[in-house]
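Taken together, the values in this text are just the output of simple stated rules run on the coordinates, not laboratory data. Model, not experiment: these values are computed from the prediction. Note: ideal-geometry Cβ built from the backbone for every residue, glycine included; neighbour counts use all protein chains shown.
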Amino acid sequence: MEDSSKFERYVYKNASVYHYMKISLVLEKENRNITDAQFKQLIISGLRDLYGEIGASFPFDLLKFDPKELTGILRVYNSGLVKLWSALTLLGSYQNEACAFRVTQVSPFLLALSGNSRELQFGDQ
């Protein structure tokens, strides 16, 4: 007797094409004003330093930038996440001033970056 109902299981590993990164820039002199274009250019120069001209043409988008906090949200293809992350980690100076990028959150879903459970405050704390 043949079983008419057949169970099939489908598993999708990360159906998203992109990853989203929430990053912040820490400068030695904290009273620096940086525009969104300068912020993105700094990231591109980090890619160029690590991977050359081909690396500088690497596609990523700066979706949001906060000039007061020097934070931004980047969208990058899954295939280039490690390259971008390594370039951000190894970047050490901006206009002859020590700096560092901090990767705060990474997710394949943009909505996941809207809140951070580590910064949650309850009541009147």
For this session: Report, in deg cm²/dmol and to the nearest 500, the calculated mean residue ellipticity at 222 nm for the chain, where each DSSP H run with n ≥ 4 adds -39500 (n - 2.57) and the sum is divided by the residue count.
Result: -8000 deg cm²/dmol
Exercise. Which peptide among 35-41, 5-11 comes first, and what is the full order, when sorted by highest mean count of other Cβ atoms within 10 Å?
Worked result: 35-41, 5-11
Exercise. When Rg is the radius of gyration of the Cα atoms in the chain and Rh is its Kirkwood radius, what does Rg/Rh come to?
Worked result: 1.16
Problem set entry | Distant alpha-carbon pairs in the range 31-82 (separation over 19 angstrom), percent | 29
Seminar exercise, completed: Neighbours of residue 97 by Cβ distance under 15 Å: Lys/Arg at +1, Asp/Glu at -1, summed charge 0
Seminar exercise, completed: Note, the range 93-107: 3J(HN,Hα) by Karplus (6.51, -1.76, 1.60, θ = phi - 60°), whole Hz, Gly/Pro = x, goes 8, 9, 6, 6, 10, 5, 8, 8, 9, 10, 8, 7, 8, 9, 7
Problem set entry | Karplus-derived HN-Hα couplings along the range 19-34 (A = 6.51, B = -1.76, C = 1.60, θ = phi - 60°), whole Hz, x at Gly and Pro | 10, 10, 10, 9, 10, 9, 9, 10, 9, 5, 9, 7, 8, 9, 9, 10
Exercise. If we sort 107-114, 69-76 on the protection proxy, mean other Cβ atoms within 10 Å, highest first, what's the order?
Worked result: 69-76, 107-114
Exercise. Using a ≥ b ≥ c from the Cα gyration tensor of the range 1-68 (square roots of the eigenvalues), is it rounded, prolate or oblate, where a/c under 1.5 gives rounded and otherwise the larger of a/b and b/c decides, a/b for prolate?
Worked result: prolate
For this session: Return the whole-Å distance between the Cα centroid of the range 11-45 and the Cα centroid of the range 72-101.
Result: 7
Exercise. Can you run phi through the Karplus equation (6.51, -1.76, 1.60; θ = phi - 60°) for the range 39-50 and list ³J(HN,Hα) in whole Hz, with x for Gly and Pro?
Worked result: 4, 5, 5, 5, 5, 4, 5, x, 5, 5, 4, 8
Problem set entry | Efficiency of FRET between residue 93 and residue 51 - r from beta-carbon atoms, R0 22 angstrom, step 0.05 | 0.80
Problem set entry | Mean Cα-pair separation over length for the chain, i.e. relative contact order, pairs under 8 Å, 6 or more apart, % | 37
Exercise. Which order do peptides 60-66, 95-101 fall in by mean Cβ count within 10 Å, highest first?
Worked result: 60-66, 95-101
Problem set entry | For residue 94, distant residues with modelled amide H under 5 Å away | 99
